[in-house]
Amino acid sequence: MTKIKFILLLLLSIFTFSCSSDTETETPTVEFTFSYDDKPLVISDLEAQRDGDFFSIYQTEFTHNLSLAASAPSFYFHKDGTLLGASIQDYATNKILSPPFYFSKDHFEFHIENIDEANKKLSIQFNGKVYEHYWDQIYQFNKKLSGTISISYSEKNPINSRKTYGTTMKINNQNWRGAAYIWTNVFARESSIVKISGDNEYSISIVIPKENAKIGKYTFNKSSEMDTDYTINFFKYHSNTIGPDDYFMGPEQFITTGKFEITKVNMSYIEGTFSFIAVNPITKENIAITDGVFKEKL
């Protein structure tokens, strides 16, 4: 069993990415409608920021307003429409709620309606359920969240940019994007696992030594031990298999054979490339992973 950092890391990542201290001082134009728990939610302070091809929308004031049911929702997403993070704080319980870590599309719809680069404006639409999380487990406590946002955005200070972070690959020649919001340590082992997920049914995990990971080229065949250093695991979730009490049982884990290269590693991040073939040991489904590129924080 792996130990996974709580969803607060996701919220922290979004907030760090969105810190208003390095934004332009111009007040953004905002139009929005929020529904939380089937009730209107009115928020006065909302800002957006662009960092390369990544966007964040976030609340600027975090003081609890007891007249409201929740904070404003926060979003972190790519220009291509991949939702990489979303969260909201329920004020009655102080719980941080979010879509599932994996295959969030199965529970939460997110769409970019428009990006007006000339006038620095964007519009999004969202609808679904957000859950309380603990480690890999989704709890029963959840709320409905829906709405639209149309907002002006500022450009992020390049000194604090995160635009070069994330993971991309092709799955059977289809583009896939993800980010590692979860860092795991394996009990009684000298390995660590970087779990990387996007918003669709696929996810991967990169296994490296807990200490002294080395730059180099590696080949692997995951036909037996699934958590060997310098290897990659591949998972596929199915619709309606991610929810309370069955989160651990959701994914199918594939046997992977391929190549993995670490081109840079330090105390802050790991960077490299990969390609492999993933085979479902039961159904024999064969998936080709090509053009894998990653740079993820440690």
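The values are calculated or read from the model by the stated rules, or taken from the named source; none is laboratory data. Keep in mind that what you see is a predicted model, and the values were worked out from it rather than measured. Cβ sites come from the backbone with ideal geometry, for glycine too, and all protein chains shown count toward neighbours. With ligands, DNA and RNA removed, areas are computed over all heavy atoms of the protein, side chains included. Shrake-Rupley method; radii C 1.70, N 1.55, O 1.52, S 1.80 Å.
Residues in segment 223-253 that are crowded, with 16+ Cβ neighbours inside 10 Å, more than 19 Å from A180 (Cβ to Cβ) and modelled with pLDDT of 75 or more: E252 alone.
For segment 254-298, taking the residues that are under 20 Å from the mean Cα position of the chain (by Cα) and not in a strand (DSSP E or B), the one that is modelled with the lowest pLDDT is identified as L298.
Here are some residues: A92, A86. Which one is under 22 Å from D37 (Cα atoms), open to solvent by 30 Å² or more (accessible area, probe 1.4 Å) and of a type in the set (G, A, S)? Talk me through it step by step, then tell me what you get.
Values: A86 fails: open to solvent by 30 Å² or more (accessible area, probe 1.4 Å).
Going through A92, A86 in turn, just one is under 22 Å from D37 (Cα atoms), open to solvent by 30 Å² or more (accessible area, probe 1.4 Å) and of a type in the set (G, A, S): A92.
If you scan segment 90-112, which residues turn out to be farther than 27 Å from N65 by Cβ, assigned to a loop (DSSP other than H, G, I, E, B) and in contact with a His (Cβ under 9 Å, 6 or more places away or on another chain)? P100, F101, F103, listed by residue number. If you check every pair at least six apart or on different chains, which have Cβ atoms under 6 Å apart with a residue in segment 252-275 that is touching a residue at least 12 places away in the same chain (Cβ under 8 Å) and among the basic types (K, R) first and a residue that is open to solvent by 10 Å² or more (accessible area, probe 1.4 Å) and assigned to a strand (DSSP E or B) second? Within 6 Å, the pairs are K259/T219; K259/S275; K264/E271. If the condition is being open to solvent by 10 Å² or more (accessible area, probe 1.4 Å), in contact (Cβ under 8 Å) with a residue 40 or more places away in the chain and either out of contact with any strand residue (DSSP E or B) (no Cβ under 7 Å at 6 or more places or on another chain) or small (G, A, S) (or both), then segment 34-69 contributes S35, G52. So, of the residues in segment 118-142 that are open to solvent by 70 Å² or more (accessible area, probe 1.4 Å) and part of a strand (DSSP E or B), which turns out to be modelled with the lowest pLDDT? Within segment 118-142, the match that is modelled with the lowest pLDDT is Y134. When restricted to residues that are open to solvent by 50 Å² or more (accessible area, probe 1.4 Å), within 28 Å of Y269 (Cα to Cα) and part of a strand (DSSP E or B), segment 143-162 contains 1. For segment 261-293, a residue qualifies if it is in contact with a Gly (Cβ under 6 Å, 6 or more places away or on another chain) and open to solvent by less than 40 Å² (accessible area, probe 1.4 Å), and the qualifying residues are I262, F274, F276.
Only one of these is of a type in the set (V, I, T) and over 20 Å from G166 (Cβ atoms): I124, I88, I112, I57. Name it.
On the way: I124 fails: over 20 Å from G166 (Cβ atoms); I112 fails: over 20 Å from G166 (Cβ atoms); I57 fails: over 20 Å from G166 (Cβ atoms).
Sole residue among the options that is of a type in the set (V, I, T) and over 20 Å from G166 (Cβ atoms): I88.
For segment 157-202, the set of residues classified as modelled with pLDDT of 90 or more and over 14 Å from the mean Cα position of the chain (by Cα) consists of M169, K170, I171, N172, N173, Q174, N175, listed by residue number.
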